[in-house]
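In what follows, a structure is listed as structure tokens, so that the remarks can point back to it.
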Amino acid sequence: MWGNLSRAWKICFEQAWLSYCSGSFPIGAAITDENGKVISAGRNKVYEKSQEPGQICNNKIAHAEINAILKIDNLETNRNRKKYSIFSTMEPCALCFGAIVMSSIKNIHYAAGDGLAGAANPVNGNDYIIEKSISVHGPHKELEIVQLVLKTDFVLRRGHDIDRIITPWKRDCPKGVELGERWLNLVKGGSAKKNYKRLNERAGHSKTSLMK
Ligand SMILES: [Zn+2]
């Protein structure tokens, strides 16, 4: 499956994995230009203390899509921005959907739906949003499962309000949540721990709080 993915999706999931290894929500995003070339990538850095210049971290709004958007020229002088597409491993929330609308990005692709916080629904928007004619593509049948494995593992590990968060995901993608629960148990167990450590090292994080 990985070999058949577009470069944008690969970058999205690489970014999500980096966030997972760094202790932030495992969500990654990428933006492609009018020719389909990836021109920006960003990831969730809500629980991180450092960031590259021009990005945000250590803040509840340090979302993947926001960090990706902060790297592009979205001013009126760049007319090509209307031909850009944004990819995200998770359905954009109200914050990110608003940033996408205000950036005049017309195409949204997301891997997993988010029955809890997802808000990529231009049909129910006000006149301003509807006039933008934004097209939304998602969820992605296979990538949705991958994303929810990471997200389920992450929220279980952090001890978030599990029922409130996971119940809507379970409704939309039970397989992803189930595999996420199993993945967590596997990593906490024995044999998978080595693989997990190796993957972390490849991602540049030999030790993370997630291993504790
Ligand atoms: Zn968001």
Seminar exercise, completed: Picking from ALA117, ALA112, the residue that is touching a strand residue (DSSP E or B) at 6+ places or on another chain (Cβ under 9 Å), among the hydrophobic types (A, V, I, L, M, F, W, C), within 28 Å of ILE165 (Cβ to Cβ) and exposed (fewer than 15 other Cβ atoms within 10 Å of the Cβ) would be ALA117
For this session: Being surrounded by 12 or more Cβ atoms within 10 Å (Cβ to Cβ) and farther than 13 Å from THR89 by Cα is the filter here, so list the residues in the stretch 124-144 that pass it.
Result: GLY125, ILE129, ILE130, LYS132, ILE134, VAL136
For this session: Assess whether LYS10 counts as being assigned to a loop (DSSP other than H, G, I, E, B) and modelled with pLDDT of 95 or more.
Result: no
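Let's see how each residue does on (1) crowded, with 20+ Cβ neighbours inside 10 Å; (2) modelled with pLDDT of 95 or more; (3) under 14 Å from the mean Cα position of the chain (by Cα):
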{"site": "GLU48", "(1), (2), (3)": "no, yes, no"}
{"site": "GLU52", "(1), (2), (3)": "no, no, no"}
{"site": "ASN58", "(1), (2), (3)": "no, yes, no"}
{"site": "ALA62", "(1), (2), (3)": "yes, yes, yes"}
For this session: Looking for whichever is farther than 18 Å from ALA111 by Cα and of a type outside the set (Lys, Arg) here; the options are GLY3, GLY28, GLY23, GLY36. Which one fits?
Result: GLY23
Problem set entry | Meets criteria (within 16 Å of the ligand (Cβ to nearest atom) and part of a helix (DSSP H, G or I)) for VAL123 | no
For this session: Consider only pairs whose beta carbons are under 6 Å apart and that are at least six residues apart or on different chains; among these, list those whose first residue lies in the stretch 38-49 and is of a type outside the set (Asp, Glu) and whose second residue is in a strand (DSSP E or B).
Result: VAL38/ALA30; VAL38/THR32; ILE39/ILE31; SER40/ILE31; ALA41/ALA30; GLY42/ALA29; ARG43/GLY28
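The values are calculated or read from the model by the stated rules, or taken from the named source; none is laboratory data. In this text the structure is predicted, and so the values were computed from the model without any measurement. In this analysis, Cβ positions are derived from the backbone assuming ideal geometry, glycine residues included, and neighbour counts consider all displayed protein chains.
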